[in-house]
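Take a look at the structure below.
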């Protein structure tokens, strides 16, 4: 019997020897970014060399989620030179990624990309993160966006200052 898709499952995931495959369901946001960070770091700790994000069911991404993708790209490259690949990215998501410069750091495969034939995706429910942990991830993601493209300072500087003040 195939696994059910619980309504609180923002991701469907699978692991191969070398990669973590993540299908984003709905909005990739600051609410589910802590779950994604945990999944990705666990896979990298266990030897994954690449992270593949499938956008076929993604309705959009917020700045925290995009900053996390950028942060994960840096993490993968620092560990062993692997990479982050985005597949099935529609025009809306592509514009969002380009608006903050993330598209320059990840590989976006054109056309109808599919996951490897025998990969079975399993729904993963969002994991509760404390407010402090979530805010720290938001800060980290936005600092990464600003560091990668100075034009993002104008977009996110005041927001980042507000969150840093809230953390103090």
Next on the checklist: Need the full-extension length gain, residue 153 to residue 107, defined as separation in residues times 0.36 nm minus the C-alpha distance. One decimal, nm.
Outcome noted: 14.2 nm
Checklist entry - Which stretch or stretches of the range 127-155 have amide N atoms under 13 Å from the point lying 7 Å from residue 161's Cα along the Cα→Cβ direction? => result 153-155
Checklist entry - How would you order 56-69, 122-135 from highest to lowest mean count of nearby Cβ atoms within 10 Å? => result 56-69, 122-135
Checklist entry - Relative to the longest principal Cα axis of the chain, at what angle does helix 63-80 sit, 0 to 90 degrees, rounded to 10? => result 70
Item to check | Ranking of 54, 91 by count of other Cβ atoms within 10 Å, fewest first | outcome: 91, 54
Checklist entry - Packing-wise, with mean Cβ within 10 Å as the measure, how do 24-34, 150-160, 40-50 rank, highest first? => result 24-34, 40-50, 150-160
Next on the checklist: Antiparallel versus total DSSP beta bridges in the chain: what percent is that, nearest 5?
Outcome noted: 35
Next on the checklist: For the chain, what does the relative contact order come out to in percent, with C-alpha contacts under 8 Å and a separation of six or more?
Outcome noted: 27
Item to check | Cα gyration tensor shape of the range 52-139, rounded if a/c is under 1.5, else prolate or oblate by comparing a/b with b/c | outcome: rounded
Next on the checklist: As I understand it, the value is the acute angle between the Cα axis of helix 131-148 and the longest principal axis of the Cα atoms of the chain; what does it come to in degrees, rounded to 10?
Outcome noted: 80
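Read-outs: derived from the displayed coordinates by stated rules, not from any lab. The shown structure was predicted, so the numbers you read here are calculated from the model rather than taken from an experiment. Methodologically, a virtual Cβ is constructed for each residue, glycine included, from the backbone with ideal geometry; neighbour enumeration extends over all protein chains shown.
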